[in-house]
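Okay, structure first, notes after.
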Amino acid sequence: MACSIVFVGILVTAALSIVVTTLRIGISPQPSTRKARKALLDLAPEKISGSIAELGSGWGGLALALAKRYPQTQVYAYELSFVPYLFSRLRLKLQSQNNLHFVRQDFLSVDLHQTSLLVTYLFPGGMDHIAEQLVPKLQQETILLSNTFALPGYTPQEKVILPDLYRTPVYRYDLKPS
Ligand SMILES: C[S@@+](CC[C@H](N)C(=O)[O-])C[C@H]1O[C@@H](n2cnc3c(N)ncnc32)[C@H](O)[C@@H]1O
């Protein structure tokens, strides 16, 4: 009985943590669908010179797929929400992937000058922040892949429409330093 109460308490606290963080940040940790993940990986370049950053990695599934696709490349997966971040870390303990690093940090405060591939699935306000705060700081050519949401003020080099109910767009931007 005591065990069940503790278990339910942990579940309720975790759910509350997710809800509060979702309200604060503006987006839940909903993962990309399998079709979207495949489209993102298909749009990614064959070779990458710098590192990869996933901006808002949720439960870590896409970050893991990226790290497996590019075993010689360091993948940094930034996530603010504590429960999905913790889940990703536990997942990594079970499924070791040496080039993958989950970081609990606001990606807007990260130094991306070594990064040549950015991957994201956010919301319109989050894309505004990327366009206004991150893109102007890029110091090398960087590819941005975005599930669903366009980068305001930029023209995508490629746009794929997924064969799903919402005809979800997936974008590739080849960004140059200003
Ligand atoms: C819709 S989920 C996408 C998860 C994963 N990228 C995927 O495609 O499966 C967006 C995630 O971004 C995180 N997020 C949003 N803004 C963030 C920020 N400024 N810094 C770090 N994480 C952020 C949210 O907490 C959420 O878990």
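No value in this document is a laboratory result; all are computed from the given coordinates. Nothing here was measured: the structure is a model prediction, and the numbers come from that model. For neighbour counting, all protein chains shown are included, and Cβ atoms are generated from backbone atoms with ideal geometry for every residue, glycine included.
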I'd like the Karplus ³J(HN,Hα) series for region 115-132: coefficients 6.51, -1.76, 1.60, θ = phi - 60°, whole numbers in Hz, and an x wherever there's a Gly or Pro.
8, 10, 9, 10, 10, 8, 8, 10, 7, x, x, x, 5, 4, 4, 5, 5, 7
Given charges at Cβ of Lys, Arg, Asp, Glu: the chain dipole, positive-most of 27, 118, 90
90
Using Cα atoms only, what is the angle between the long axis of helix 2-25 and the major principal axis of the chain, expressed in degrees (0 to 90) to the nearest 10?
30 degrees
Quick calc, the chain, dipole around Cα centre from Cβ unit charges on Lys, Arg (+) and Asp, Glu (-), nearest 20 debye, gives 520 debye
Cross-link reach from residue 35 to aspartates and glutamates, straight Cα distance under 16 Å and at least 8 residues apart if same chain, gives 164
Considering the chain as a Gaussian network with a 10 Å cut-off on Cα pairs, which listed residue, 144, 122, 165, attains the greatest mean-square fluctuation?
165
For the chain, take the longest principal axis of its alpha carbons; what is the angle in degrees between that and the long axis of helix 34-43, to the nearest 10 within 0 to 90?
30 degrees
For region 1-73 and region 138-160, distance of Cα centres in Å
20 Å
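In percent, what relative contact order does region 28-148 have, based on Cα pairs under 8 Å that are 6 or more apart in sequence?
Reported as a whole number, the value is 29 percent.
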For each of 10, 130, 18, 52, count neighbouring Cβ atoms within 10 Å of the residue's Cβ, then give the residues from fewest to most.
10, 18, 130, 52
Could you list which residues have their amide H under 5 Å from that of residue 162, counting only those 5 or more apart in sequence or on another chain, with H placed in the peptide plane?
168, 170
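Just for region 30-175, what percent of DSSP beta bridges are antiparallel, to the closest 5?
Bridges in region 30-175 that DSSP calls antiparallel: roughly 35 percent.
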So for the chain, Kirkwood radius off the Cα pairs, Stokes-Einstein at 37 °C and 0.692 mPa s: how many µm² s⁻¹?
194 µm²/s
